[in-house]
There are 2 protein chains.
Amino acid sequence: MDPRTYVEKHRGEFVAALKDWLAIPSISADPARSGDVRRSADWLAAHLADTGFPTVEVWETDGMPAVFAEWPATDPGAPTVVVYGHHDVQPVDPVEAWHTDPFVPVEQGDRLIGRGASDDKGQVLFHTLGLRANLAASGASAPPVTVKLLVEGEEESGSPHFAELLKRHRDRLGCDVVVISDTTMWSAETPSMCVGMRGLTDCQIDVYGPEVDLHSGSFGGAVPNPARVLAGLLAGMHDADGRIAIPGFHDDVAEVTAAERGLLARLPFDEAEWLRTASSTAAAGEAGYSTLERVWVRPTAEINGMWSGHTGAGTKTIVPRSAHAKVSFRLVPDQDPLRVQRCVDAYVAGNLPEGVRATVAFAGPGVRPCASDLESAAVRAARAAMGRAFDTEVLFTREGGSGPEADIADVLGAPLVFVAVGLDDDRIHAPNEKVEVPLLLKGAESAAHLWDELAAALRP
Amino acid sequence: MDPRTYVEKHRGEFVAALKDWLAIPSISADPARSGDVRRSADWLAAHLADTGFPTVEVWETDGMPAVFAEWPATDPGAPTVVVYGHHDVQPVDPVEAWHTDPFVPVEQGDRLIGRGASDDKGQVLFHTLGLRANLAASGASAPPVTVKLLVEGEEESGSPHFAELLKRHRDRLGCDVVVISDTTMWSAETPSMCVGMRGLTDCQIDVYGPEVDLHSGSFGGAVPNPARVLAGLLAGMHDADGRIAIPGFHDDVAEVTAAERGLLARLPFDEAEWLRTASSTAAAGEAGYSTLERVWVRPTAEINGMWSGHTGAGTKTIVPRSAHAKVSFRLVPDQDPLRVQRCVDAYVAGNLPEGVRATVAFAGPGVRPCASDLESAAVRAARAAMGRAFDTEVLFTREGGSGPEADIADVLGAPLVFVAVGLDDDRIHAPNEKVEVPLLLKGAESAAHLWDELAAALRP
């Protein structure tokens, strides 16, 4: 049976399994949900065993567990592939903005709605369907490459223990290529492969002034106001051209090449449509760059949250004692998160007036940016597999988001290829996350072809 | 009998009456105490009648009642004075922090401890003792000016019905000068008169960007971030010298005169002590002004609170959909709150990038600043009266806070003078409020002289 027929025949079973998994609220950022993240890992492990993986293990970390599975190729000389995904999900706030319960998955036509439907449970799960389709097509009892799945449980919390996990299990994870399924395509009509992701580091800035909230009549105007100092720090992170103004921040930024700019320009980008997806009435960003370039090949400094003083109803005429912000930085090759952290530390420390102190706490070591070589065998093979599934030419994109991919490539010493079918309007990290089920099926079909293409391309 | 002898002779009787009044818990902010606020008004009305006021009335409002009393001068051509004070008191929370029952007044040496002792029952009551002392000294049966007392019952609740009360009784309240006895002196050793209070207007600024929180990886860097826009608006409210940079804001600011600066500089100000009170390690503010000038004669734009996006534990890499701040502006003569509101509106509207909208909601019409003319006959007379009572030169101060005084002056069309003997360490609005009885007696003595001084100064 050809992969397309197999995949379409098993759609009902696939969606039912995914709904089961989506019902588990595996929010890794919420300590109260740690039991659910573990339940999610156990669910996946059981599903992988059912799929036929001879080896399935739940790998503990100092945080939430990951799931590992391995299915050796029939041919011991065949290449080995590691597939990366994650089984934890984003928080659901503001929960009142959801039209359905985020953890009661609902089908509406071809859409499946629920937290994690696209990011990333749906995209992990298409691999099990794809592998079954590959076996059904070949009639073999094992895939043409050794397939190893590594599905972590803390991606939405910045993967704080993932690098350690990779190092600990480095011997089990030996491979020739890493397949990442945690990104998006250009569109349902224009399938594409991601060839780069931005890195990330994020921090909380806490600014302190007088030791207590002060009456703004008795003291206002003559003591430092930490909220004003914080506003100044935040506003000063960009210059008038929208370029990040933190000294040293740009030192390692690799300017995008003319060749890559040309490739990006081939994408049928509809800015008006993109803005509708963003629910924004205007684009904004660094002068001299297109919207796609701003999102994919330029770094950012983004305020994710801030708070200070009186935030309730009515008025309270105080000078607040402290002010706080959460700021994340998206990084591009060849920025190093730790070096960027030092720049941010120095920037904050260097811009505090007398009477004000501040701390900058980074959530972790950060995530390094990554990029694939467009001319590599692995990228060519993956592009061919997706082309067969989608019956059309596959273009290249990058991702503005971040994952631990650079660490994977680094620790495992293997190149990355991105095979994923999410869409930018899937509302990942937002209320009413959804996935297009037909695209998940194309993902499964791509995965089914991928093992043959990689076996041929990477055979020594 | 001279006023000093009279006042000292009647100290016991005066303190006994004040303790009676302080025992009534007239907390206007507590609906459960409304009967007590009324009892307080009745107590005062009876006391004023005992003092000899020919006219004593309890004036109803839509809230708590005020007390009005009038004692016409013997000479029908004599000036008329309205004395303003209030008979309601602040709540007593946290009541466990009081060392004595807030409504069982206790004498400890020269101190009288109880809620309202300084703010404002003690300062209202010294006027009755002062008026008796004036009559004892002159031997007349009526004061040398027509004295009208207006003692409101909702000052500690923001005087919600006071403007209406003033307008309704405008004809009864006609006067040449308004005496305010609800403020403080520099210190027991350095008697002073307040000659101005800052005004106030405060708003909430709401900034909106994309309609939903967006993933900062997928969209960050290419859509406007409302938190960044708000940070820019807030940071831009001051220039590098700490001067407010909102266009038009300073148009009506009356620069403090060299004469007043000279007088303020004569106050024995201990900045280190002031900073300890503020629990701040440094002073900060507009370049070119002293700490006292910054608090008293310069306007402020103070962030009282702000919030946006993710403010909980952990990280959430979003572009938040909205950002909010509460900002209050302390105003100085001759700023008009409504005109300042228009400047703030225009500043916000004029600094929004495409794709961002904002609203500015002011809490109300605001409070106008007020100031007395140091060279006016009324200020000279009051200063002379206090100088006679304290046997020393009386200096000038201002208040950084705001009150309804400007409205009184405005509605009644008369200048204000502040004659008060509270101290900054009286712990008004805090547990263990106290008043220094010797200062209340000096207040009574000042009041006794005040009617003679004003009669002489204001006689046409």
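Number of residues in the stretch A:314-350 that are out of contact with any strand residue (DSSP E or B) (no Cβ under 8 Å at 6 or more places or on another chain) and in a loop (DSSP other than H, G, I, E, B) equals 4. Could you tell me whether the stretch B:133-141 includes any residue that is within 19 Å of B:VAL58 (Cα to Cα), modelled with pLDDT of 95 or more and assigned to a helix (DSSP H, G or I)? Within the stretch B:133-141, none of the residues are within 19 Å of B:VAL58 (Cα to Cα), modelled with pLDDT of 95 or more and assigned to a helix (DSSP H, G or I). Assessment of the stretch A:63-72 against the conditions (outside any strand (DSSP E or B) and surrounded by fewer than 18 Cβ atoms within 10 Å (Cβ to Cβ)) yields at least one matching residue. Within the stretch A:406-452, the residues that satisfy the criterion of being part of a loop (DSSP other than H, G, I, E, B) and more than 18 Å from A:GLY109 (Cβ to Cβ) are A:GLY413, A:ALA414, A:PRO415, A:VAL419, A:ALA420, A:ILE428, A:HIS429, A:ALA430, A:PRO431. When B:THR281, B:THR277, B:THR291 are checked against the criterion of being facing chain A (nearest Cβ under 7 Å) and either among the aromatic types (Phe, Trp, Tyr) or open to solvent by 40 Å² or more (accessible area, probe 1.4 Å) (or both), a single residue qualifies: B:THR281. Note on the stretch A:89-128: residues that are more than 13 Å from chain B (Cβ to nearest Cβ) and more than 22 Å from the chain's Cα centre (by Cα) total 8. Entry remark, the stretch B:1-60: residues being assigned to a loop (DSSP other than H, G, I, E, B) and open to solvent by 50 Å² or more (accessible area, probe 1.4 Å) number 6 in total. For the stretch B:297-344, a residue qualifies if it is open to solvent by 30 Å² or more (accessible area, probe 1.4 Å), within 10 Å of chain A (Cβ to nearest Cβ) and in contact (Cβ under 8 Å) with a residue 12 or more places away in the chain, and the qualifying residues are B:TRP307, B:GLY309, B:ARG321. Within the stretch B:163-191, the set of residues being buried (at least 24 other Cβ atoms within 10 Å of the Cβ) and of a type in the set (Ser, Thr, Tyr) comprises B:SER181 only. Number of residues in the stretch A:93-113 that are in contact with a strand residue (DSSP E or B) (Cβ under 7 Å, 6 or more places away or on another chain) and in contact (Cβ under 8 Å) with a residue 12 or more places away in the chain: the value is 6. Picking from residues in the stretch A:229-239 that are open to solvent by 10 Å² or more (accessible area, probe 1.4 Å) and touching a residue at least 40 places away in the same chain (Cβ under 8 Å), the one that is nearest to the other protein chains (Cβ to nearest Cβ) is A:GLY232.
A count restricted to the stretch A:229-239 and to residues that are out of contact with any strand residue (DSSP E or B) (no Cβ under 7 Å at 6 or more places or on another chain) and part of a loop (DSSP other than H, G, I, E, B) stands at 2.
Against the definition (more than 9 Å from every other protein chain (Cβ to nearest Cβ), small (Gly, Ala, Ser) and touching a residue at least 24 places away in the same chain (Cβ under 8 Å)), how does A:ALA272 come out, yes or no? So A:ALA272 fails the test. Taking the criterion of being under 21 Å from B:VAL82 (Cβ atoms), in contact with a Gly (Cβ under 7 Å, 6 or more places away or on another chain) and not aliphatic (A, V, I, L, M), the residues of the stretch B:100-125 that qualify are B:ASP119, B:ASP120, B:GLN123. In the stretch B:163-228, counting only strands (runs of 3 or more DSSP E) that sit wholly within it, the ones holding 1 or more residues that are away from chain A (no Cβ under 14 Å) span B:177-180, B:192-197.
Among the residues of the stretch A:275-296, those that are over 21 Å from B:LEU230 (Cα atoms), in contact (Cβ under 8 Å) with a residue 12 or more places away in the chain and not hydroxyl-bearing (Ser, Thr, Tyr) comprise A:GLY288, A:LEU292, A:GLU293, A:VAL295, A:TRP296. Here A:ALA222 meets the list (1) open to solvent by 20 Å² or more (accessible area, probe 1.4 Å); (2) free of Cβ contacts under 8 Å to residues at least 60 places away in the same chain almost entirely, failing just condition (1). Selection of the stretch B:345-361 for residues being open to solvent by 10 Å² or more (accessible area, probe 1.4 Å) and more than 10 Å from chain A (Cβ to nearest Cβ) yields B:ASP345, B:ALA346, B:TYR347, B:ALA349, B:GLY350, B:ASN351, B:LEU352, B:ALA358, B:THR359, B:VAL360, B:ALA361. Report yes if some residue within the stretch B:141-160 is surrounded by fewer than 24 Cβ atoms within 10 Å (Cβ to Cβ), among the hydrophobic types (A, V, I, L, M, F, W, C) and farther than 30 Å from A:ASP241 by Cα; otherwise report no. Among the residues of the stretch B:141-160, at least one is surrounded by fewer than 24 Cβ atoms within 10 Å (Cβ to Cβ), among the hydrophobic types (A, V, I, L, M, F, W, C) and farther than 30 Å from A:ASP241 by Cα, which makes the answer yes. Residue check: is A:THR277 among the β-branched types (Val, Ile, Thr) and in a loop (DSSP other than H, G, I, E, B)? The answer is no for A:THR277. Considering only the stretch A:365-378, I want to know if a residue exists there that is touching a helix residue (DSSP H, G or I) at 6+ places or on another chain (Cβ under 6 Å), assigned to a helix (DSSP H, G or I), more than 10 Å from every other protein chain (Cβ to nearest Cβ) and open to solvent by 20 Å² or more (accessible area, probe 1.4 Å). Yes, the stretch A:365-378 has at least one match. All of A:VAL95, A:VAL104, A:VAL89, A:VAL124 fail the test of being in contact with a helix residue (DSSP H, G or I) (Cβ under 9 Å, 6 or more places away or on another chain) and open to solvent by 40 Å² or more (accessible area, probe 1.4 Å), apart from A:VAL104.
Of all residues in the stretch A:418-428, those that are in contact with a helix residue (DSSP H, G or I) (Cβ under 6 Å, 6 or more places away or on another chain) and open to solvent by 10 Å² or more (accessible area, probe 1.4 Å) total 2. Taking the listed residues A:PRO431, A:PRO415, A:PRO438, A:PRO404, the one that is more than 23 Å from A:THR300 (Cα to Cα), open to solvent by less than 20 Å² (accessible area, probe 1.4 Å) and in the same structural domain as A:TYR84 (by TED's automatic domain parsing) is A:PRO431, with no other qualifying. For the subset of the stretch B:240-274 comprising residues that are part of a loop (DSSP other than H, G, I, E, B) and under 21 Å from A:LEU352 (Cα atoms), which member is most open to solvent (accessible area, probe 1.4 Å)? Here the residue is B:ALA240. Please specify each residue of the stretch A:282-332 satisfying the condition of being among the polar types (S, T, N, Q), touching a helix residue (DSSP H, G or I) at 6+ places or on another chain (Cβ under 7 Å) and not assigned by TED's automatic domain parsing to the domain that holds A:GLY221. Correct list: A:THR291 only.
Set side by side, the residues A:VAL360, A:VAL379 differ, and just one is of a type outside the set (Asp, Glu) and in contact with an Asp or Glu (Cβ under 6 Å, 6 or more places away or on another chain), which is A:VAL360.
The values are calculated or read from the model by the stated rules, or taken from the named source; none is laboratory data. No experiment lies behind these values; they were computed from the predicted model shown. Reconstructed Cβ throughout: ideal geometry from the backbone, glycine too, with neighbour counts over all protein chains shown. In case anyone asks, the SASA skips ligands and DNA or RNA and just uses the protein heavy atoms, side chains included. Shrake-Rupley method; radii C 1.70, N 1.55, O 1.52, S 1.80 Å.
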